[in-house]
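Okay, structure first, notes after.
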Amino acid sequence: MNAASFVLFGATGDLAKRKIYPALYNLFVDGKLSEGFSVVGLGRRAWSDETFQANVEQALYDFSRRKPADRGELARFVRAFRFQVLDIDRAEDYAQLRELVERRERELGLTPNRMFYLSVGPEYFGTIANHIEASGLGGADGWKRLVIEKPFGHDLASARALNAKLGETFAEEEIYRIDHYLGKPMVQKLELLQQSNPVLQALWSNHYIANVQITASETVGVETRAGYYDRAGAIRDMFQNHMLQLLMMLTAQLPKNSTAETVRFKKKKVMEALDPLQQGQVAASVVRGQYAAGAIAGVPVAGYADEPGIPAGSTNDTYVAARLTIDDAFWRGVPFYIRTGKRLQAKSTRIVIEFKPPLKQSGADAAQPPNLLIIDINPNETITLQLNARDTQDKARFRPLHLDLRDDAEETPEAYENLIGDALRGDATFFAHWDEVELSWRWVQPILEAFADGEVPLHPYEAGGHGPAAADALTARDGYRWWQGE
Ligand code: BG6
């Protein structure tokens, strides 16, 4: 791995503590960070290096999948961390940052490769990128990379404006847009699932597949993010990015030896082939909902509108379901049903591929359940094939058999570990290219407008259930049903 400086904006924040420090630590333990790495954390709080290091250490005990066991190893890890107070708007602070980064490079004998990780609100991205350029931080002899988190824009126009702003100082190849769903091990496995399995490859098209269902359900509500979430809703928070990325990863026709370029190019092709929703027809293909009071695992919870910080009468969506179609040779005629929501019965991300029934199906056979390929992304990482067998007690009936396929690798790395490791190595395969982001916003834009114009009814749904019953109409109109938790 290239030795590099990791410059983290937002070092005192929640994401840093929950995800970034544990990811760096696990990369370190696995020998995937070079010994002489440097981390410079930036924030508004007046922390000393020692306070910063103590906070990093605590974050590992609290959030790392591997708790630190070896004091010596832990000490070698945290001694790489330095802190500087930074006001995002002050040029002098960036000059000082440059001195610190350069001093650490000299002390550690590092090539001036610099990864700038922006774990801050998107409203600061442009300012920080400009200061990085103006201060000379980005002008060193090594490489420079910018890692950013979502949300990447609020709609198509703001996403374009943000991209243009970043483009003034960073080239597309230097920008790593994190979509943490792309870091999930099972999502990364999708890349090769079909090409490396002739059994699946033979079935992977509209000849054999009846429909595909992609569900990301959560039990949590809005939590402490009312200000952000009430403006974003499920459509921007999950659908425009994570859900459409899952769709792309599943359906892209990737060559066996794909590179970052081919993967991203083929994903872009999927987005280009996605049939656009016509204005005035959004309500026929999209269902939106908002959770009402109910209970999660027997514990009563408030409805969305009664959550702290949510304005009374908010019409924000906490659930979205949509029917999509892809107009290409492989997928034409196969409906894709995608849904995501908060305060649902279970925390689960899964893809269900329903196969068509045999051609000649009659009599008792007509009652045979379809074959399903179920890909569980979270919380379990399993692939299940549902097949039919004859019921030995009642020979006229079928009994579904479940073939569970589990990866025996003991410990899988977390999404952020995969992604930060990839960004440090310069592998952009599992980062969202601007083309994908722009096409996703373009596809979602008519939905945003229809929501804003009140064209799509907002269905209340009881917390702890499966979401609004209205979503059943999406599948029923094609003669299908949602697979809930088979
Ligand atoms: C984030 C959303 O991107 O993804 C959150 O902002 C959501 O609202 C989270 O809870 C879900 O991620 P995961 O990995 O828990 O499925």
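For region 427-458, what are the residues that are within 16 Å of GLN240 (Cβ to Cβ), among the β-branched types (Val, Ile, Thr) and either under 23 Å from the mean Cα position of the chain (by Cα) or modelled with pLDDT under 95 (or both)? Answer for region 427-458, where residues must be within 16 Å of GLN240 (Cβ to Cβ), among the β-branched types (Val, Ile, Thr) and either under 23 Å from the mean Cα position of the chain (by Cα) or modelled with pLDDT under 95 (or both): VAL437, VAL444, ILE447.
For region 373-401, a residue qualifies if it is exposed (fewer than 12 other Cβ atoms within 10 Å of the Cβ) and of a type outside the set (D, E, K, R), and the qualifying residues are PRO379, ALA389, THR392, GLN393, ALA396, LEU401. Among the residues making up region 144-168, those that are more than 16 Å from the ligand (Cβ to nearest atom) and either in contact with a strand residue (DSSP E or B) (Cβ under 8 Å, 6 or more places away or on another chain) or among the acidic types (Asp, Glu) (or both) are LYS144, ARG145, LEU146, ASP155, LEU166, GLU168. Within region 139-151, being modelled with pLDDT of 95 or more and within 30 Å of PHE451 (Cβ to Cβ) holds for one residue alone: ILE148.
Only a single criterion out of (1) surrounded by fewer than 19 Cβ atoms within 10 Å (Cβ to Cβ); (2) under 30 Å from TYR176 (Cβ atoms); (3) under 20 Å from the mean Cα position of the chain (by Cα) is not satisfied by LEU250, namely (1).
Among the criteria (1) surrounded by 12 or more Cβ atoms within 10 Å (Cβ to Cβ); (2) more than 22 Å from THR259 (Cα to Cα), the one PHE431 does not fulfil is (2). When region 332-353 is filtered for residues that are farther than 9 Å from ILE214 by Cα and within 13 Å of the ligand (Cβ to nearest atom), the ones remaining, listed by number, are GLY341, LYS342, ARG343, LEU344, ALA346, LYS347, SER348. Restricting attention to region 217-238, the residues being near the ligand (Cβ under 9 Å from one of its atoms), surrounded by fewer than 23 Cβ atoms within 10 Å (Cβ to Cβ) and among the small types (Gly, Ala, Ser) number 1.
Count, please, the residues in region 68-86 that happen to be surrounded by fewer than 12 Cβ atoms within 10 Å (Cβ to Cβ) and basic (Lys, Arg). Break it down into steps so the answer makes sense when it comes.
Let us first name the residues in region 68-86 that are surrounded by fewer than 12 Cβ atoms within 10 Å (Cβ to Cβ), namely 69-72, 79.
Then drop every residue that is not basic (Lys, Arg), which leaves 71, 79.
Qualifying residue count for the region: 2.
On the stretch given as region 45-67, residues that are touching a residue at least 12 places away in the same chain (Cβ under 8 Å) and exposed (fewer than 12 other Cβ atoms within 10 Å of the Cβ) total 3.
So, VAL199, is that one within 16 Å of the ligand (Cβ to nearest atom) and either buried (at least 23 other Cβ atoms within 10 Å of the Cβ) or not hydroxyl-bearing (Ser, Thr, Tyr) (or both) or not? Give the steps one after another, and end with the answer.
Numbers: within 16 Å of the ligand (Cβ to nearest atom): no; either buried (at least 23 other Cβ atoms within 10 Å of the Cβ) or not hydroxyl-bearing (Ser, Thr, Tyr) (or both): yes.
The answer is no for VAL199.
Sub-7 Å Cβ pairs linking a first residue in region 295-324 that is under 13 Å from ALA226 (Cα atoms) and without any contact (Cβ under 8 Å) to a residue 60 or more places away in the chain to a second residue that is of a type outside the set (Lys, Arg) and in a loop (DSSP other than H, G, I, E, B), at least 6 apart or interchain, are ALA305/ALA312; ALA305/GLY313; ALA305/SER314, ordered by first then second residue.
The values are calculated or read from the model by the stated rules, or taken from the named source; none is laboratory data. For clarity, every value in this text was computed on a predicted model and none was experimentally measured. Cβ: placed from backbone, ideal geometry, glycine included. Neighbour counts: every protein chain shown.
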